[in-house]
1. Among the residues of the range 159-170, write down those that are touching a helix residue (DSSP H, G or I) at 6+ places or on another chain (Cβ under 8 Å) and either at pLDDT below 75 or surrounded by fewer than 15 Cβ atoms within 10 Å (Cβ to Cβ) (or both).
2. For the range 110-131, how many residues are closer than 20 Å to residue 95 by Cα and out of contact with any helix residue (DSSP H, G or I) (no Cβ under 8 Å at 6 or more places or on another chain)?
3. Looking only at the range 38-64, which residues are buried (at least 17 other Cβ atoms within 10 Å of the Cβ) and outside any helix (DSSP H, G or I)?
4. So which residues in the range 105-141 are in a loop (DSSP other than H, G, I, E, B), on the phi < 0 side of the Ramachandran plot and at pLDDT 90 or above?
5. Go through (1) over 30 Å from residue 140 (Cβ atoms); (2) not in a strand (DSSP E or B) for residue 31 and report which single condition fails.
6. Report whether or not residue 155 is farther than 21 Å from residue 178 by Cα, part of a helix (DSSP H, G or I) and at pLDDT 90 or above.
7. Taking the range 86-103 only, how many residues are under 29 Å from residue 56 (Cα atoms) and over 20 Å from the mean Cα position of the chain (by Cα)?
């Protein structure tokens, strides 16, 4: 297909497609003449992945380039491939950590050890959790850490459900897109479900209040 048709099928403008090619995110089309190139379904699939990483995952072009490199690396295991994608959609904190974050990191490390999770304590997700716990401490709700294990247990169940869904996709690009979309939109779904459950739990614990 010509670049115009690729644009129509994906909803990505021609100038943007050319930009992705220049940035190394999208392979160049096969030249059919000095001024024409042909594209196929692999380009369409890659474009949809790029848009998912950009629009849903909120990744930068540089981060997308890293994920694309992982997808194209045949020696990268599925576990490492999914890890590369997941780590990119977790907020990263570059500020110098205060004492609160340092103490919170200890709680996170203890949680990881207690749950027997095979994850690195310095992963972006672990750091995001430490920052959140430190913020809770700052606003006077440090006791929230007491329910961490209950949250962790729920998170384990959700994670297993996520991976069971992801495992249905056999293509590497489909796997990455599932992780990105599932992580970002899955967080929104889980947050909404949590709020619905809060309403129900509030009625059961406190009553309707008349």
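The values are calculated or read from the model by the stated rules, or taken from the named source; none is laboratory data. None of the values given here were measured: they were computed from a predicted structure. All Cβ positions, even for glycine, are placed from backbone atoms using ideal geometry, and neighbour counts span all protein chains on display.
1. Within the range 159-170, the subset touching a helix residue (DSSP H, G or I) at 6+ places or on another chain (Cβ under 8 Å) is 162, 165-166, 169.
Result: 165, 166, 169.
2. Looking only at that region, the number is 2.
3. 39, 57, 59, listed by residue number.
4. Residues of the range 105-141 that are in a loop (DSSP other than H, G, I, E, B), as a first pass: 116-123, 139-141.
Imposing the further condition that a residue be on the phi < 0 side of the Ramachandran plot reduces the set to 117-123, 139, 141.
Those that are in a loop (DSSP other than H, G, I, E, B), on the phi < 0 side of the Ramachandran plot and at pLDDT 90 or above: 117, 118, 139, 141.
5. Here residue 31 meets the rest and fails (2).
6. On the way: farther than 21 Å from residue 178 by Cα: no; part of a helix (DSSP H, G or I): yes; at pLDDT 90 or above: yes.
For residue 155, the condition - farther than 21 Å from residue 178 by Cα, part of a helix (DSSP H, G or I) and at pLDDT 90 or above - is not met.
7. Looking only at the range 86-103, we keep the residues that are under 29 Å from residue 56 (Cα atoms), and these are 86-97, 101.
Restricting the remaining residues to those that are over 20 Å from the mean Cα position of the chain (by Cα) gives 95-97, 101.
The total comes to 4.
One line per residue, one yes/no per condition, for (1) in contact (Cβ under 8 Å) with a residue 40 or more places away in the chain; (2) touching a strand residue (DSSP E or B) at 6+ places or on another chain (Cβ under 7 Å); (3) more than 16 Å from residue 84 (Cα to Cα); (4) surrounded by 12 or more Cβ atoms within 10 Å (Cβ to Cβ):
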| position | (1), (2), (3), (4) |
| --- | --- |
| 134 | no, no, yes, yes |
| 140 | no, no, yes, no |
| 153 | no, no, yes, no |
| 175 | yes, no, no, yes |
| 180 | yes, no, no, yes |
| 183 | yes, no, no, yes |
